[in-house]
1. Do you know which residues across the stretch 94-114 are in contact with a helix residue (DSSP H, G or I) (Cβ under 7 Å, 6 or more places away or on another chain) and of a type in the set (D, E, K, R)?
2. In the stretch 119-172, what count of residues is obtained for those that are within 18 Å of I94 (Cβ to Cβ), crowded, with 17+ Cβ neighbours inside 10 Å and of a type in the set (D, E, K, R)?
3. Can you report the number of residues in the stretch 92-112 which are open to solvent by 50 Å² or more (accessible area, probe 1.4 Å) and farther than 15 Å from Q177 by Cβ?
4. Which of the strands (runs of 3 or more DSSP E) found entirely inside the stretch 116-173 contain at least 3 residues meeting this: farther than 19 Å from L97 by Cβ, modelled with pLDDT of 95 or more and polar (S, T, N, Q)?
5. Restricting attention to the stretch 67-80, does a residue exist that is assigned to a helix (DSSP H, G or I), open to solvent by less than 90 Å² (accessible area, probe 1.4 Å) and over 30 Å from S178 (Cα atoms)?
6. Testing D104 on (1) in contact (Cβ under 8 Å) with a residue 40 or more places away in the chain; (2) within 30 Å of N145 (Cβ to Cβ), one condition comes back false. Which one is that?
Amino acid sequence: MGGLDKIIEEIKDQANAEAGQILKEADKYCNEYMKEITDKVADEVEAFEKKEKSKRDLYDEKVKSGALFRERNEILKTKQQCINEVIKEAEYTICNLETKQYFDFLSKLFEANFDGTEGEMFFGKDDLERMPEEFKEKIKAIADNKGAKVNISDKTKNIKNGFILVYGEIEENCTIQSLFDEKSDALRDIVNKELFS
């Protein structure tokens, strides 16, 4: 091998050594860069998954909360229907008591509402026609005890059950329906306690 061949061979060896070194460094750089990119992508994927899980959890919570809200509303609505039916049934029962019991109830209603002022009592046609004498005597006795006179009118009012007390210009509605309307909230509370407590 001549001198020139030897020089060329040395240059080749040196070039191969440098190329090997460059490839080694490039390989190291690529591996580090790929690890950095892989870690970054993994972090982004993890962050995305956390965000999506948080969204799913929030959505699930809203769905669950909405379902519970609808369920509570349905329960409340059903309770209200039950309460209304019980109150309606109570009103029906009072209005359809046997004559003696019915007028005993009306005499107690009169006693609870009569303030001792002279006046007149008006009834509906059906109640006036079936009114027992005993009731008239009870009304007179209650009024006498308060030192007043109350006349049971022969004229009728357009009412179904109960009566209307008239003191001069003042009318006091003592019909069964008005009694239930007036005491509606208190009755609802009582029925609610009895049924659902």
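The values are calculated or read from the model by the stated rules, or taken from the named source; none is laboratory data. Every value quoted in this text rests on a predicted model; they were computed, and no experiment measured them. Virtual Cβ from ideal backbone geometry, glycine too; neighbours counted across all protein chains shown. Accessible surface is based on the protein model in full, side chains and every heavy atom, while ligands, DNA and RNA are left aside. Shrake-Rupley method; radii C 1.70, N 1.55, O 1.52, S 1.80 Å.
1. The answer is E111, and nothing else.
2. Of the residues in that region, 2 qualify.
3. Adding up the residues that qualify gives 7.
4. none
5. Taking every residue of the stretch 67-80 in turn, at least one turns out to be assigned to a helix (DSSP H, G or I), open to solvent by less than 90 Å² (accessible area, probe 1.4 Å) and over 30 Å from S178 (Cα atoms).
6. Failed condition: (1).
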